[in-house]
Amino acid sequence: MRLVIAAMKHETNTFSPVPTPLARFGKAGDELLEGKAAYKALKGTGAGVAAFIDLAEQHGAEFEIAISAEAWPSGPVEDEAYEYICDKICRAVAKGCDALLLDLHGAMVTRSREDGEGELLSRLRKLAPRLPIGVSLDMHTNFYPAIAENATVVAGYQTYPHIDTYETSLRAAKPIFAMLKGEARPTMAWGNRPMLPHVMRQGSDDFPNKDLQAMTRRMEREGALCATLFTGFPHADISLAGLSAVVVTNNDPDLAKRYRDELLDFAWTNREAFVYRLEPLEASLARAKAAAEFPVVLLDHYDNCASGGTMDTMKVLGAILDSGLEDVAAFAIHDPAAVKTMIAAGVGATVTIPLGGKLDMPSINRKGEPREVTGTVKLISNGQFRNRGKAWHGMLMDMGTAVVLDTGKAEIVVISKHLEPFDLGCFTSLGIDPTAKKYVMLKSRIHYRAGFKAIAKQIIECAGVGVCTSDYAMLDFKHVRRPIYPLDNLNDPNS
């Protein structure tokens with residue numbers, strides 16, 4: 001038995017000014033992982049590809065890792081990068097194989113295409129019309145018909161924060177192995193609803209997504225091979241952005257359709273619960289000042305790099321500094337130029353620098369606004385650490401060269417590569433104990449919960465500025481299908 005294993009993962013924020021060339025797909029040390037290097041980096045971790053590796057080895061299969069390419073969310077993927085990654089996968093399949101296992105995202109948009117994953121799968125299906133193809137997808141997939149038409153089995157994450165990446169790849173791959181043994185005949189049904197669930201209301205600890213994900217697990221216990229509810233990624237101005245569902249059964253298309261409709265109907269009936277209510281920043285910080293138990297987590301949810309944010313806007317951090325809050329740790333401001341300046345000054349030096357605000361955001365009509373900050377260069381690091389928490393356990397993280405700037409009231413982490421703060425290691429690797437701080441500012445939306453929810457005495461969501469804005473009114477949707485909830489008035493439960 002010969003298998004091909006590959007990963008191609010990018011969540012595209014079409015409003016983001018952050019470019020996505022091929023180099024962005026090199027996660028640690030700018031290395032694009034292929035073959036033996038991919039095996040060494042991913043084996044034994046919580047990555048989806050690691051699950052494929054483990055199953056292949058358990059079945060005694062020969063396998064090739066064509067490529068494992070994953071980039072932090074940003075603007076549309078450059079066509080050259082997309083073609084390079086696709087070509088690697090297609091070439092491996094063209095050599096001949098018995099099955100293909102793909103770890104994809106599901107919300108990749110390129111300069112030329114709305115549906116990067118569907119296009120890849122279409123090419124693969126032309127190469128190998130009868131090849132069994134198992135695909136694992138992110139919960140934020142914006143599902144297109146070409147995915148269902150060309151994949152054999154599809155499974156998506158059932159947790160957000162995503163702490164089941166490994167398990168999802170197992171769910172996608174096990175039916176493929178059963179199929180190869182003649183024990184399964186996968187049948188699939190998919191559908192969507194015209195709704196854009198807000199990312200801040202998509203947590204799988206919260207209603208209604210908590211209930212929806214429980215339903216998918218129940219369906220799998222009752223006999224579905226895979227059942228998935230995709231909340232979708234709303235910061236993508238493409239026709240099919242939004243909520244969808246896909247169910248795979250063992251040669252039972254009627255059951256697949258019934259389960260699919262059960263998921264979609266529940267989501268649609270409870271669509272108002274997916275709407276996010278904004279709080280003014282001033283009110284949020286007033287609540288922070290009144291806190292009696294610590295640490296308090298302050299979320300800058302408008303500027304999260306895991307939703308395509310620049311991670312360099314200063315509105316929330318600036319307001320924290322102006323408010324007089326003390327004993328603050330902040331992660332992080334992405335500012336490679338500031339990092340270089342502080343390295344040149346050296347540890348112990350006092351510097352006054354224009355921090356952040358290096359990128360303009362034309363999609364929301366905002367210029368970058370640096371803020372002058374004075375502090376002491378406390379620490380310089382290579383910025384690498386391994387996740388020890390539930391999310392992507394064991395994976396090597398790389399925030400690039402990182403500096404801790406201490407203002408006396410706040411320790412600000414300044415980084416040169418994008419990194420979402422979902423693991424305590426983003427602080428502890430820099431000598432900061434977040435559990436000992438009064439306030440911990442994170443540029444995050446939901447993923448912070450994987451590492452920080454357990455230590456937080458209070459969580460306060462802070463509205464700032466950024467291209468992953470939580471205010472849909474700031475986004476000029478031109479291509480998404482209309483009408484769609486909540487951009488349009490579809491509040492009638494019977495509609």
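The values are calculated or read from the model by the stated rules, or taken from the named source; none is laboratory data. In this text, all values refer to a predicted model and were calculated from it rather than measured experimentally. Here the Cβ positions follow ideal geometry from the backbone for every residue, glycine too, while neighbour counts run over all protein chains shown. All accessible areas refer to the heavy atoms of the entire protein, side chains included, with ligands and DNA or RNA removed. Shrake-Rupley method; radii C 1.70, N 1.55, O 1.52, S 1.80 Å.
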If we keep only residues of the stretch 219-244 that are small (Gly, Ala, Ser) and either in a loop (DSSP other than H, G, I, E, B) or more than 15 Å from residue 187 (Cβ to Cβ) (or both), then the residue nearest to the chain's Cα centre (by Cα) is 232
Determine, yes or no, whether residue 307 is farther than 23 Å from residue 438 by Cβ, at pLDDT 95 or above and open to solvent by less than 10 Å² (accessible area, probe 1.4 Å). yes
Residue identified as in contact (Cβ under 8 Å) with a residue 40 or more places away in the chain and farther than 22 Å from residue 137 by Cβ among 96, 35: 96
Could you pull out the residue among 10, 59 that is touching a residue at least 40 places away in the same chain (Cβ under 8 Å), in contact with a helix residue (DSSP H, G or I) (Cβ under 8 Å, 6 or more places away or on another chain) and surrounded by fewer than 18 Cβ atoms within 10 Å (Cβ to Cβ)? 59
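So that you can scan it fast, the table gives a plain yes or no per residue for (1) open to solvent by 60 Å² or more (accessible area, probe 1.4 Å); (2) basic (Lys, Arg); (3) more than 19 Å from residue 356 (Cα to Cα):
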position: 253; (1), (2), (3): yes, no, yes
position: 257; (1), (2), (3): yes, yes, yes
position: 264; (1), (2), (3): no, no, yes
position: 272; (1), (2), (3): yes, no, yes
position: 280; (1), (2), (3): yes, no, yes
position: 299; (1), (2), (3): no, no, no
position: 312; (1), (2), (3): no, no, no
Here is a check on your reading of the model: is residue 211 part of a helix (DSSP H, G or I), of a type in the set (Asp, Glu), within 30 Å of residue 13 (Cβ to Cβ) and open to solvent by 30 Å² or more (accessible area, probe 1.4 Å)? yes
If you check 43, 36, which single one turns out to be within 22 Å of the chain's Cα centre (by Cα), surrounded by fewer than 21 Cβ atoms within 10 Å (Cβ to Cβ) and not acidic (Asp, Glu)? 43
Please find, among 306, 288, the residue that is part of a helix (DSSP H, G or I), of a type in the set (A, V, I, L, M, F, W, C), closer than 30 Å to residue 373 by Cβ and touching a strand residue (DSSP E or B) at 6+ places or on another chain (Cβ under 7 Å). 288
Taking the stretch 21-32 on its own, how many of its residues are open to solvent by 30 Å² or more (accessible area, probe 1.4 Å) and either more than 19 Å from residue 86 (Cα to Cα) or of a type outside the set (Lys, Arg) (or both)? 7
Of the residues in the stretch 329-381, how many are assigned to a strand (DSSP E or B), closer than 20 Å to residue 426 by Cα and open to solvent by 60 Å² or more (accessible area, probe 1.4 Å)? 2
